[in-house]
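The values are calculated or read from the model by the stated rules, or taken from the named source; none is laboratory data. In this text the structure is predicted, and so the values were computed from the model without any measurement. All Cβ positions, even for glycine, are placed from backbone atoms using ideal geometry, and neighbour counts span all protein chains on display. The protein model used for the area step is the full one, side chains on, heavy atoms only, and it has no ligands, DNA or RNA in it. Shrake-Rupley method; radii C 1.70, N 1.55, O 1.52, S 1.80 Å.
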There are 2 protein chains.
Amino acid sequence: MDMFKINYKDKKTKARIGVINTKKGEIETPFFMPVATKTSVKHISSPDLEEIGVKAVISNTFILHLDPNEKIIKKLKGIGNFMNFKGINATDSGGFQMYSTSCYINSSDSGVLFRNPFNGEKIFITPEKDMEIQLDLGSEIAMCLDSMPLLSHSKEQIKMAVEKTGLWAEKCRKHHKKLQEGISQNKKQLLFGISQGGIYPDLRKESAKKLLKIGFDGYAIGGLALGETFEEEMKAIESHKSIIPENEIIYLMGAGEPVEILEAISRGVDMFDSRYPTQNARHGTILTSNGKLKLLNKKYESDKKPLDKNCSCFACKNHSRAYIRYLLKQKEGNGLRLASYHNLFYINNLINEAKNAIKKGKFLEFKNKVKKSYQQAKK
Amino acid sequence: MDMFKINYKDKKTKARIGVINTKKGEIETPFFMPVATKTSVKHISSPDLEEIGVKAVISNTFILHLDPNEKIIKKLKGIGNFMNFKGINATDSGGFQMYSTSCYINSSDSGVLFRNPFNGEKIFITPEKDMEIQLDLGSEIAMCLDSMPLLSHSKEQIKMAVEKTGLWAEKCRKHHKKLQEGISQNKKQLLFGISQGGIYPDLRKESAKKLLKIGFDGYAIGGLALGETFEEEMKAIESHKSIIPENEIIYLMGAGEPVEILEAISRGVDMFDSRYPTQNARHGTILTSNGKLKLLNKKYESDKKPLDKNCSCFACKNHSRAYIRYLLKQKEGNGLRLASYHNLFYINNLINEAKNAIKKGKFLEFKNKVKKSYQQAKK
């Protein structure tokens, strides 16, 4: 059985529908992974995720290493069993935490020196150690330890990050392979490489080439959705895609805006993850079939309508804008849950609709319709 | 149709099962009301409450007056519709907020001067105004504005509070009656009086006598569960009960410990409310068929068992102690919800079991069994 198989291809764009085979079963692409940093999407339970239709989540290796620790999760039969999630678990390496001032100390070719923010203890994470932790966590998809530059970094700094990322990717691949020797192919954890290079096409391509040379189960695009322009982001995706063959999995990390997702799908991206829907929900930005709705606006104070009249989610079936607005304003956990639930449902549904449109050869029209609703909402 | 009808009486204790008729329908006593101060039980949705089997909740008049304001809730067809709760809504007057240093300024015979903690604005709440707000909120059960003394107050101070409470009760009753003139009996909001008197039998009886003379739909016991001993609390209940006729509703305010509830039921109490189950859940104290469980204890770190092996609630069906412990430790909203859900389910189930025991003439045995499990857990 192929690890990745593309079943539908859009004629007018690079959008496609595929299936990834993991040790826990199949998952159809494209899909969006809500962020479950600490084995829980904020305010959302695993049965909630199932009800929403979420098929995969991503957690954070470094954060879980600090607490409860991978040994505890291993003892409880892996992250999926620990959180009782029926879907696919991905784990990010924690390279992202290199931008947390409370955790990061420095990094070298051999790894990253972190500080445990809870007790001040220093922790050196090598690419090899990161692979060991992710295997203990038991996720279906592991990510290489990468060195993520920020948008504000100079091209020289980004070039150095690309080189370090490539070096670490090699170490990750080698050690991950070794650790899984003897495990049958269909029981293996998948490992994805991550390209860096910021918005520079030459660096992005160099990074992708390096990954391709090493060979991974999937090819992620890192270091985007950090404040670059929409055009810069799309160009970086195209640079990455120009190197990676069509039959490989492409994962755009950190992207979760509706239009951003659809534009990336149209460029052949298969996977997404982002805090965007849940974080925005907590701050009162609601995603709807008519674009963004700023729920904390006073005009919704006594609005009896659901968040989105075209939505059939738990929050929309049961509650009014007025009620959820009041709870959010009061920072009530129940309000944070209802708004998060809705936004996750919206994104999940958006991708389902995108897939239907691809199957019907109507993806471009669908994408443009959604874009229009978001542009109108801005006015 | 009687407003309150007692259907079963225990032979060995004063425990009884009754039915209260409200404008929204019947509710069987005894029952426990989770605290939904701001129209939501913390971290628990209205559909969650239904699933748990919760038949009534209590919200706070003064807090809701500040935000979103009773006019908004009235526009949305009352508190039950606002929060989409199928059960009975009670509203406490806000007298309790006289002990919030951020709100309370002073009080006189005509009312309480509060400060709006959000904008500093002064708000004078008279007993009459309180009744108007509660009618706008549209709860099924309203509570008189009372003047609640603390355990630390002198007998002289408590006597003054009893007098003020009596005076306000008279004003509340009069105004509440006037406001509901012309409304048919089965559509009327019920109004309960509240006795004060701390742990002093003479003052408690004096307070109850005053209420009885005025005449209310139910007779609540206020100012307990504030740190007095168990014996003092039970004596105060008995003093109150000694004045109020057997066929009247008795409501013990602020009590939510399992043994406390059962002992109060055995003394003829019909209604309860408390933050106890939810607040304790958030701090890791789990109520179980084997007594209290301190979930944050390290020994539960990799415990695969549910919170309570004899529990069939959503949290126990889906998750392990290890998982909920980790989420609580990390203050994840999902963990706060799961633990709160379980503790509410426990209390609701405890009262259901108590009712079954009353019906079977086995209440005393049941109460003693539960007491034993809590005593053993303490060791």
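Between A:LEU224, A:PRO201, B:PRO306, the Cα set farthest toward the positive side of the dipole of the protein assembly as shown (charges on each charged residue's Cβ, about the Cα centre) is that of B:PRO306.
In the elastic network of chain B, a GNM with C-alpha springs shorter than 10 Å, the most mobile of B:PRO127, B:PRO277, B:PRO47 is B:PRO47. For segment A:1-61 versus segment B:199-229, the spacing of their alpha-carbon centroids is 59 Å.
Pairing chains B and A buries close to 3400 square angstrom of accessible surface in total, based on protein heavy atoms and a 1.4 angstrom probe.
Each of A:GLY166, A:SER154, A:THR126 was scored by the projection of its Cα onto the charge dipole of segment A:110-170, and the greatest displacement toward the positive side belongs to A:SER154; charges sit on the C-beta of Lys, Arg, Asp and Glu.
Note on B:ASN186 and B:SER312: with the Förster distance fixed at 35 Å, the Cβ-Cβ geometry gives a FRET efficiency of about 0.45. Measuring from the axis that maps chain A onto chain B, the chain A residue with the nearest beta carbon and its rounded distance in angstrom come out as A:GLY333, 2. Rounded to whole numbers, the Karplus 3J(HN,Hα) couplings from phi for segment A:173-180 are 4, 4, 5, 4, 4, 4, 5, 9 Hz, using 6.51 cos²θ - 1.76 cosθ + 1.60 with θ = phi - 60°, and x at Gly and Pro.
Here the calculated FRET efficiency for B:LYS178 and A:LYS304, from their Cβ-Cβ distance with R0 = 35 Å, stands at 0.70, rounded to the nearest 0.05. Distant-in-sequence amide contacts of A:THR288, defined by a placed amide H-H separation under 5 Å and a gap of 5 or more residues or a different chain, comprise A:LEU293. Entry note, the protein assembly as shown: the mean residue ellipticity at 222 nm calculated from DSSP H runs of n ≥ 4, each adding -39500 (n - 2.57), is -13000 deg cm²/dmol after division by the residues and rounding to the nearest 500.
Here's how it looks for B:ALA220: its modeled amide H is under 5 Å from those of B:GLY193, B:ILE194, B:SER195, B:TYR251, which are all 5 or more places away or on a different chain. Normalised per residue, the accessible area of chain A is 40 Å², obtained with a 1.4 Å probe and no contribution from ligands, DNA or RNA. For segment A:313-329, backbone phi angles converted through the Karplus equation (6.51, -1.76, 1.60; θ = phi - 60°) give residue-by-residue couplings of 6, 3, 5, 6, 5, 9, 9, 8, 4, 4, 5, 5, 4, 4, 5, 5, 4 Hz, Gly and Pro being listed as x. Could you compute the longest span of chain A free of GluC sites (Glu not before Pro) located in DSSP loops and having at most 10 other Cβ atoms within 10 Å, not counting the site residues? Here the longest segment lacking exposed loop sites spans A:182-379. For segment A:91-132, a simple Cβ point-charge model (Lys and Arg +1, Asp and Glu -1, everything else neutral) yields a dipole of about 220 debye relative to the Cα centre. Label-point spacing at A:TYR99 relative to the other copies reads 4.8 nm, in ascending order, each point sitting 7 Å out from Cα along Cα→Cβ.
Comparing the full protein assembly with the isolated chain, the residues of segment A:63-77 losing at least 50 square angstrom of accessible surface (1.4 Å probe) are A:ASP67, A:ILE72, A:LEU76.
With +1 assigned to the C-beta of every Lys and Arg and -1 to the C-beta of every Asp and Glu, and no other charges, what is the dipole magnitude of segment A:30-135 about the Cα centre in debye, to the nearest 20? Working shown, then result.
Working: 11 positive and 11 negative charges, 47 e Å.
For segment A:30-135, the charge dipole is close to 220 debye.
When chain B is described by a simple charge dipole with +1 on each Lys and Arg Cβ and -1 on each Asp and Glu Cβ, the residue from B:PRO117, B:MET271, B:ASN349 located farthest towards its positive end is B:ASN349. Kindly provide log₁₀ I(q)/I(0) values, in the same order as q = 0.07, 0.08 Å⁻¹, from the Debye equation applied to equal alpha-carbon scatterers of the protein assembly as shown. Result of the Debye calculation: -0.59, -0.74. Comment: the Cα-to-Cβ extended label point of B:GLU121, at 7 Å, lies 5.2 nm from its counterparts in the other copies, nearest first. Counting, for every residue in B:300-306, the Cβ atoms of other protein chains within 10 Å of its Cβ and taking the mean gives 3. Database remark: amide H of A:MET33 closer than 5 angstrom to the amide H of A:PHE272, A:ASP273, A:SER274 (H placed geometrically; neighbours at sequence offset of 5 or more, or on other chains; Pro and chain starts carry no H).
How much of the accessible area of the protein assembly as shown, probe 1.4 Å, is carbon plus sulfur, in whole percent? Working shown, then result.
Working: 15010 of 30490 Å².
Carbon and sulfur atoms account for 49 percent of the accessible area of the protein assembly as shown.
Between this copy and the others, label points of B:PRO245 are 9.0 nm apart in ascending order, each placed 7 angstrom from Cα in the Cβ direction. In order along segment B:195-203, the Karplus-derived 3J(HN,Hα) couplings, from 6.51 cos²θ - 1.76 cosθ + 1.60 at θ = phi - 60°, round to 8, 10, x, x, 9, 8, x, 5, 5 Hz, and Gly and Pro are given as x. Evaluated with a Cβ-only charge set (Lys, Arg +1; Asp, Glu -1), the protein assembly as shown carries a dipole of roughly 1100 debye about its Cα centre, given to the nearest 20.
Interface residues of segment B:325-350, defined as a loss of at least 30 Å² in heavy-atom accessible area between the chain alone and the complex of all protein chains with a 1.4 Å probe, are B:TYR326, B:GLN330, B:GLU332, B:ASN334, B:ARG337.
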